[in-house]
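Written below as structure tokens is the structure these notes are about.
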Amino acid sequence: MLHSFGHGADGTNPYAGLVFDASGNLYGTTSGGGIFGAGTVFELTPKANGEWTERVLHNFNSRDGLTPYATLIFDSAGNLYGTTQLGGDGKDCFGYGCGTVFELTPKSDGDWTEKVLYTFHKNRGGWLLYDSLIFDPAGNLYGTTSVGGNVNGCQGDGCGTVFELTPKAGGVWKEKVLHRFNGQDGYGPNGLVFDASGNLYGTTYFGGRYYNGIPCLLGCGTAFVLMPKAETWNETVLRNFQENDRDGIAPHSSLIFDTAGNLYGTTQNGGLYNSGTVFELTPKADGNWKQKVLRSFNPNNGDGSLPVAAVVMDAAGNLYGTTEIGGPYDGGGGTAFEVIP
């Protein structure tokens with residue numbers, strides 16, 4: 001145990017993963033707690049005796065963000081970037097702001113300075129941020145909002161967006177919506193990944209061809225690509241997930257690539273036992289993608305249920321991940337698994 005969070009100033013309910021810096025320190029967020037109860041950014045530093053020291057780098061106060069849910073990322077200069085689910089300079093989302101993108105910059109005295117790069121509002125750019133950001137080679141940031149976007153449908157709030165933040169002179173960042181989901185092409189986008197050509201790939205938790213249909217009233221989810229075209233980006237749905245062919249439904253995580261250009265991910269539900277899947281998407285010569293289920297989780301044999309997070313791949317091509325519940329023990333507290341080709 002490196003650190004056990006209490007109910008006070010060190011934060012509570014760390015939801016996201018951790019990230020290392022070059023010195024071996026770990027950084028993360030708590031979705032609650034802190035001085036103002038709105039969440040924290042923290043650092044864990046290893047000591048010579050094998051123990052770790054926790055330090056809170058920033059306490060969110062709702063005006064600069066509320067409930068950070070996503071894993072942080074570093075830039076090349078050692079600055080941290082992240083998102084908050086809610087908060088910011090507004091009250092149009094459940095009485096709070098609609099989410100922020102923030103930067104934490106280290107100072108010479110060891111403290112960190114927080115700066116809000118962008119605040120989201122219901123009437124522009126989408127809202128409710130759950131997932132991490134990614135950089136392109138030019139230093140622009142990309143991310144998703146799970147709802148919003150000024151598109152009809154999706155229970156009246158819009159179906160989510162993909163956005164870009166570009167740094168401008170004077171430390172200002174400009175936001176641009178690259179795509180607004182409409183339900184038929186997805187609803188509730190997750191995290192993003194670039195390919196070598198600068199195209200963006202991702203999944204949506206709901207939506208797709210079967211939106212407002214059977215068996216998934218809000219749609220069973222999609223895998224998509226966004227391709228830059230001059231001043232616009234064109235979206236193509238690579239896969240419409242559907243329950244009746246047992247390929248899994250409700251992907252809740254980002255995708256990963258292998259060295260051959262195939263994509264891998266998880267669906268939270270569906271599959272042979274309706275407990276989730278690990279899948280592969282392979283590009284075909286005609287531009288379409290072929291989906292293959294690598295594993296349907298079976299709650300009856302102890303291998304777990306509901307794989308919510310993304311998988312990672314080792315050098316041999318084995319996939320690793322976790323399930324939220326299930327396993328061989330009473331109560332089913334979840335599993336860590338390996339899928340071997």
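For this structure, a couple of remarks:
- Residue match in region 315-328 (condition: among the β-branched types (Val, Ile, Thr), farther than 26 Å from Leu200 by Cβ and more than 18 Å from the chain's Cα centre (by Cα)): yes
- Scope region 5-61; condition at positive phi and either under 18 Å from the mean Cα position of the chain (by Cα) or not in a loop (DSSP other than H, G, I, E, B) (or both); matching residues: Asn13, Gly33, Gly39
- Of the residues making up region 276-296, those that are in a loop (DSSP other than H, G, I, E, B) and surrounded by 18 or more Cβ atoms within 10 Å (Cβ to Cβ) number 1.
- Set Gly82, Gly99, Gly88: member being out of contact with any Cys (no Cβ under 9 Å at 6 or more places or on another chain) and closer than 28 Å to Ala138 by Cα: Gly82
- Residue check, Ala309 outside any loop (DSSP other than H, G, I, E, B), in contact (Cβ under 8 Å) with a residue 12 or more places away in the chain and under 24 Å from the mean Cα position of the chain (by Cα): no
Per-residue answers, yes or no, for (1) surrounded by 14 or more Cβ atoms within 10 Å (Cβ to Cβ); (2) under 22 Å from Leu192 (Cα atoms); (3) in contact (Cβ under 8 Å) with a residue 60 or more places away in the chain:
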| residue | (1), (2), (3) |
| --- | --- |
| Val101 | yes, yes, yes |
| Thr105 | yes, no, no |
| Asn123 | no, no, no |
| Pro137 | no, yes, no |
| Gly143 | yes, yes, yes |
| Gly149 | yes, yes, no |
| Gly160 | yes, yes, no |
| Lys168 | no, no, no |
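- Taken over region 55-69, the residue count meeting the criterion of being touching an Asp or Glu at 6+ places or on another chain (Cβ under 8 Å), among the aliphatic types (A, V, I, L, M) and surrounded by 22 or more Cβ atoms within 10 Å (Cβ to Cβ) is 0.
Residues are listed down the side, and each one gets a yes or a no for (1) surrounded by fewer than 23 Cβ atoms within 10 Å (Cβ to Cβ); (2) assigned to a strand (DSSP E or B); (3) of a type in the set (A, V, I, L, M):
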position	(1), (2), (3)
His252	no, no, no
Gly265	no, yes, no
Asn274	yes, no, no
Asn298	yes, no, no
Asp303	yes, no, no
Ala316	yes, no, yes
Pro328	yes, no, no
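- Qualifying residue in region 285-307 (condition: aliphatic (A, V, I, L, M) and at positive phi): yes
- Strands (runs of 3 or more DSSP E) fully within region 173-221 that include at least 3 residues being touching a strand residue (DSSP E or B) at 6+ places or on another chain (Cβ under 6 Å) and aromatic (Phe, Trp, Tyr): 200-206.
- Just one residue in the set Trp112, Trp52 is farther than 30 Å from Val172 by Cβ, touching a residue at least 40 places away in the same chain (Cβ under 8 Å) and surrounded by 14 or more Cβ atoms within 10 Å (Cβ to Cβ); that residue is Trp52.
- Some residue of region 127-145 being of a type in the set (Gly, Ala, Ser) and modelled with pLDDT under 95: no
The values are calculated or read from the model by the stated rules, or taken from the named source; none is laboratory data. If you're wondering where the values come from, they're calculated on a predicted model, not measured in any experiment. Every residue, glycine among them, receives a Cβ derived from its backbone with ideal geometry; neighbour counts consider all protein chains shown.
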